[in-house]
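Contents: one structure, followed by commentary.
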Amino acid sequence: MKLTRRLFMSLAGGLAVLASGFAAPAMAGDMPAPFDNPSKVKIALVRYLSTGDFFQAYLSGVEKQAKALGVDLRVFDSRQDAALQADMVDQAIALGVQGIVVQHGLTESMQAAVQRALDAGIKVVAFDVNVKNPKVPQIEQSDRDLARLALEQAVKDNGESFNAGYVYVAGIAPLDRRDETWKIFKKKYPGIKEKAMFGTLDNPIANSVANQARSVLQAHSDITVMFAPYDEFAKGVKIAVDEAGLNKQIKIYSADVSTADISAMREENSAWAATAATNPAVVGEVSVRALAMLLAGQDPGHNVIIPPTLITQKILNDSDIKNMADLSAKMPQFAHADVAVPSWMPLPPRK
């Protein structure tokens, strides 16, 4: 690839690139090429979103699976700068990686960048960003099911008629898929009235959403349900609900989970009633495994889907679940996804 002045300056400027090389572990059995010499395999994770516990856990899963494979992982963090994320794909190409995991991003900025990687002979998988390319497997949390599980619980708890606030930002693939389910539910249950829609991805996300939610609660005192299908959104809504003293009047339903979320849901009289989630560390592991299959000449499928789990406040309290480790131990379906696991694939140690 031609090293443009822009790309050279990006590299020379030391844009947020974290590098971590892992020594190859001892592995039994035959490994397909190129993993018969894994220390020479270089892959990249190019991130759009990184704020919040979900993305830290996702990164941990990527790192653990890369370590289990023994490959050299490079991490690029664009911090929600779409143009920079596209540049970082070019940086990864220039570094000579064999594979790239694209984590979130905007279709309009990532579609061309991913095509440049493919043109350079690099394998690519995408998590929660639609790059509209049949050669790129899409790693998904089954976002429609995440929203469905949370909304089914909302209907179970509140009946088929309620006034709702809805937190949404368009253009982010997982949020768009969750929005499709929200629209289906409103059509299925005409008694569900969307009184306000708001949302932002401005950092820090939870505090920015809290600022919006304060105004929404003041303008719509009849809201009894908040659908916030991303845990940073839910944290922000909870801040505003608590400040307004409405934690017994309003119930919050979300997607995604972390130890901090579990603690917030278990607070006395917490408004956060339920969330639907996959284990973000497991999603990270699956992302790397799908990429490794491509590098080994195997097909993980175009849609690599990790099934979600419904987590209610009652389940957390009844099972005395305090953190993600407890959640994995007491809800085994949350701890591991048997997805993209060919017989030769080494897995991270299980506690």
Check: Are there any pairs with C-beta distances below 6 angstrom linking a residue in the stretch 222-239 that is in a helix (DSSP H, G or I) to a residue that is modelled with pLDDT under 95 and buried (at least 24 other Cβ atoms within 10 Å of the Cβ), with the two at least 6 apart or on different chains, and if so which?
Finding: Asp231/Asp256
Notebook entry, point to check: Looking at the stretch 167-189, which of its residues are over 19 Å from the mean Cα position of the chain (by Cα) and closer than 16 Å to Ile223 by Cα?
Noted result: Lys186
Check: Does any residue in the stretch 58-78 that is at positive phi and of a type in the set (Gly, Ala, Ser) come within less than 7 Å, Cβ to Cβ, of a residue that is surrounded by fewer than 22 Cβ atoms within 10 Å (Cβ to Cβ) and in a loop (DSSP other than H, G, I, E, B) six or more places away or on a different chain, and which pairs are these?
Finding: Gly70/Phe22; Gly70/Ala23; Gly70/Ala24; Gly70/Pro25
Next item on the list: Select from the stretch 60-85 the residues that are within 19 Å of the chain's Cα centre (by Cα) and under 20 Å from Gly171 (Cα atoms) and write down the one among them that is surrounded by the most Cβ atoms within 10 Å (Cβ to Cβ).
Entry: Gln85
Next item on the list: Please work out if Val241 is closer than 20 Å to Asn163 by Cα, buried (at least 16 other Cβ atoms within 10 Å of the Cβ) and within 24 Å of the chain's Cα centre (by Cα).
Entry: no
Checklist line | Pair list, Cβ < 8 Å and 6+ apart or interchain, from the stretch 146-159 residues that are more than 17 Å from Ile223 (Cα to Cα) and crowded, with 18+ Cβ neighbours inside 10 Å to residues that are modelled with pLDDT of 95 or more and among the basic types (Lys, Arg) | finding: Leu146/Arg178; Ala147/Arg178
Margin query: Between a residue in the stretch 324-351 that is at positive phi and any residue that is β-branched (Val, Ile, Thr), which pairs come within a Cβ distance under 8 Å, given they are 6 or more apart or on different chains?
Written below: Ala340/Val286; Ala340/Val304
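Kindly indicate which of Asp299, Asp318 is surrounded by fewer than 18 Cβ atoms within 10 Å (Cβ to Cβ), among the acidic types (Asp, Glu) and outside the structural domain of Val102 (by TED's automatic domain parsing).
None of the other options fit; the residue is Asp318.
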Checklist line | Scan of the stretch 152-189 for residues that are at pLDDT below 95 and farther than 30 Å from Lys132 by Cβ, ordered by number | finding: none
Next item on the list: Could you tell me whether the stretch 257-280 includes any residue that is buried (at least 24 other Cβ atoms within 10 Å of the Cβ), out of contact with any Asp or Glu (no Cβ under 9 Å at 6 or more places or on another chain) and not in a loop (DSSP other than H, G, I, E, B)?
Entry: yes
Next item on the list: Please verify whether the stretch 304-314 includes one or more residues that are part of a helix (DSSP H, G or I) and of a type in the set (Val, Ile, Thr).
Entry: no
Notebook entry, point to check: Of all the residues that make up the stretch 137-164, how many are farther than 20 Å from Gln313 by Cα and touching a helix residue (DSSP H, G or I) at 6+ places or on another chain (Cβ under 7 Å)?
Noted result: 5
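The values are calculated or read from the model by the stated rules, or taken from the named source; none is laboratory data. Just so it is clear, the model here is predicted, and its values are computed rather than measured. All Cβ positions, glycine included, derive from the backbone under ideal geometry; neighbour counts span all protein chains shown.
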